[in-house]
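Rule-based calculations on the coordinates, nothing more; no lab input. Predicted model only: the values in this text are computed from it and were never measured. We place every Cβ from the backbone using ideal geometry, glycine too, and count neighbours over all the protein chains shown.
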Amino acid sequence: MRKRRQNNRTIAAALLVCLVLVMGIEAGYLQSGVCEDAIKECFDDWYNQAWGYFGTVYCLLGYAFCKKYIDA
Amino acid sequence: MMKNGKMFMRAAAVVLIVPLSIFAAEERLKISIQEILSIGALDDEAIFQWTGVAADGDGFIYVLDGLDYSLKKFDARGKLVKKAGRKGQGPGEFLAPRLLACSQDFLYATDQTVLGISVFDKELQFKKRIPFSEPVTDLFVLSETTMAIAVMGIQGPGKIVVADGSGRVLTELAYQEKYTGPMMDSVSVALDGQGHFYLAYVFQDRIESWDRSGKRLWSKNLLGIKKVEMKKIADYLLPTEVCYKDVSLDDRGRLFVLAGKHAKNPSRDVYVLSPSGEWLSTLTLPDTTHCIYIDRQNFLYARANQGITLKKYRLNYE
């Protein structure tokens, strides 16, 4: 009886750790994406495409700035 | 079952505890901050969204305001004394102002949409644009005539360029031997009085010190991150998680490193390292910030209210 209770506690603790890890990953996933969406739009913009290498530089610099400024 | 459960718990404990162990070490230096000035609030128009900050020896504070396309000068009490610039790509104009640095007599500003570095005097008069054809991720002024420029690696490895006031390259620090992809080796840079470079990698868990001859003095990873998270966007495989956002040095050459997403308090934790790379302390700012700046009087500047407010703190060492 005592052994079974210990087993249950161990399983419950393991499930809790899994839940915390999964929730942590999920929370990170929900917060990310703003800068990724922005750079995708930047690359797709015809003006930046016409700008060639400098358009790419502009988009990448914007992505780095976004990651630092917005993505906490 | 019992045995498997115990093994799982041990493995989970290792996963959770090991990366935190460095911060469980005893602090060698107690540092606290005391707010002494706050510029800009939700109910005023002093600052709309600042991006870069610098301060001079006379107590004036200079701010690049991204939403106002301007460079602003505040006195030591936080009163706006001058504003320059407007929306555009001409001389003295801004579309996306980003980095700001200052020397004894001049201010140096970058704009995401314009290659080169704009130079203003302390009265915010535009003086010239230093031609520089590569993307700049950080700027550190060494003297009236020289500056260190961190260059983002897009088609080749990132590097630090030391250039003069006309943009002529004096020397280069190639801190990466091979190219590992766009932005992978983006860094923030600071230099001490002995000419040592301090680099904090934006997307990698690496903080390094290099001497002038190009010799790496030390390398540290404080976050326990082994793998860089990447995502394919358009034709590029780009890193997605910021490890370190900025670096600055105090008056004794201690390195302050603003940590990004992996920190216990993302965009608020500042790791303080000795000049030889030993971890001394961790400082937690009250609000998230994208950059930190320590002036010559040892005041630390950081963001609040998502860029509407600039905070000035006194650093107290115990």
Normalised by the number of residues in the range B:244-318, what is the relative contact order in percent for Cα pairs under 8 Å and 6+ residues apart? 23
Using Cβ counts within 10 Å as a stand-in for footprinting exposure, how do B:LEU223, B:LEU37 rank, fewest first? B:LEU37, B:LEU223
Extended-chain gain in nm, criterion 0.36 nm per residue less alpha-carbon gap, B:ASP58 and B:LYS178: 38.9 nm
Residues of type lysines that B:LYS79 reaches as a straight line, Cα spacing below 28 Å, ignoring anything fewer than 8 places off in the same chain: A:LYS68, B:LYS87, B:LYS122, B:LYS127, B:LYS128, B:LYS311, B:LYS312
Sort the range B:258-300 into rounded, prolate or oblate with this rule: let a ≥ b ≥ c be the square roots of the eigenvalues of the Cα gyration tensor; rounded if a/c is under 1.5, and if a/c is not under 1.5, prolate when a/b is larger than b/c, oblate otherwise. oblate
Residues with beta-carbon under 13 Å from that of B:LEU95, excluding B:LEU95: net charge, scoring Lys, Arg +1 and Asp, Glu -1? -1
Local net charge near B:SER219, Cβ-Cβ under 11 Å (Lys/Arg +1, Asp/Glu -1): +1
Please state the charge dipole magnitude for the protein assembly as shown, taken about the Cα centre, from unit charges on C-beta atoms (+1 on K and R, -1 on D and E), reported in debye and rounded to the nearest 20. 1860
Of B:TRP279, B:TRP218, B:TRP210, B:TRP50, how do they rank once you tally other Cβ atoms within 10 Å and put the fewest first? B:TRP218, B:TRP279, B:TRP210, B:TRP50
In deg cm²/dmol and to the nearest 500, what is the mean residue ellipticity at 222 nm of chain B if only DSSP H runs of at least 4 residues count, each as -39500 (n - 2.57), divided by the residue total? -2000 deg cm²/dmol
Can you give me the distance in nm between label points at B:ALA41 and B:TRP218, each placed 7 Å from the Cα along the Cα-to-Cβ direction? 4.3
Please turn the phi angles of the range B:55-67 into ³J(HN,Hα) values with the Karplus equation 6.51 cos²θ - 1.76 cosθ + 1.60 (θ = phi - 60°), one per residue in order, whole Hz, x for glycine and proline. 9, 9, x, 8, x, 7, 10, 10, 9, 8, 10, x, 7
Rounded, prolate or oblate: which fits the range B:55-147, taking a ≥ b ≥ c as square roots of the Cα gyration tensor eigenvalues, rounded meaning a/c under 1.5, else prolate when a/b beats b/c? oblate
Exposure-ranked with fewest Cβ neighbours within 10 Å first, B:LEU249, B:LEU237 stand as B:LEU237, B:LEU249
Could you state the number of Å between the C-alpha centres of the range B:131-208 and the range B:271-314? 21
Rounded if a/c is under 1.5, else prolate if a/b is larger than b/c, else oblate: which is the range B:219-318, with a ≥ b ≥ c the root eigenvalues of its Cα gyration tensor? oblate
When Lys and Arg each count +1 and Asp and Glu each count -1, what net charge do the other residues less than 15 Å away from B:GLU177, Cβ to Cβ, add up to? +2
